[in-house]
1. Could you rank Met1, Met85 by how accessible they are, 1.4 Å probe, largest area first?
2. If you take every DSSP beta bridge fully contained in the stretch 1-64, what fraction is antiparallel? Give it as a percent rounded to 5.
3. At a 1.4 Å probe radius, which order do Ile7, Ile59 fall into by accessible area, largest first?
Amino acid sequence: MKLIIAIINYDDAGAVVQSLTKSGFSSTRLSTTGGFLLAGNVTLLIGVEEEKVQEAVDIIRKHSHSRRQLMPAITEMSHGFMPVMPVEVTVGGATLFVVDVERFERL
């Protein structure tokens with residue numbers, strides 16, 4: 001048994017969860033916030049049999065898309081913060097961790 005921890009952009013989460021469910025995967029959805037851009041994310045916890053890991057990863061890959069977005073940049077001045085030209089950054093996609101599960105029980 002494996003546990004996939006998938007950190008997904010909020011905009012992609014609905015399609016990912018819907019497709020996983022349609023393919024027979026159960027998941028637990030947690031609302032999370034990214035550290036760098038403070039953007040909304042969704043973290044999915046997905047328990048899968050070892051032979052089904054690649055299928056779940058493929059579904060997540062298919063529905064998680066990177067995109068370019070303008071983010072406001074701020075610089076610190078002596079009297080506070082001053083806005084400067086926006087910076088284009090890549091957001092979205094997914095970050096996955098696949099870990100072994102020593103024990104699983106459904107109660």
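The values are calculated or read from the model by the stated rules, or taken from the named source; none is laboratory data. As the structure is a prediction and not an experimental result, all values here were calculated from the model. For the accessible areas, the whole protein counts, side chains as well, though only heavy atoms, and no ligand, DNA or RNA atoms are used. Shrake-Rupley method; radii C 1.70, N 1.55, O 1.52, S 1.80 Å.
1. Listed by decreasing accessible area, they come as Met85, Met1.
2. Antiparallel bridges: around 100 percent, rounded to the nearest 5.
3. Ile7, Ile59
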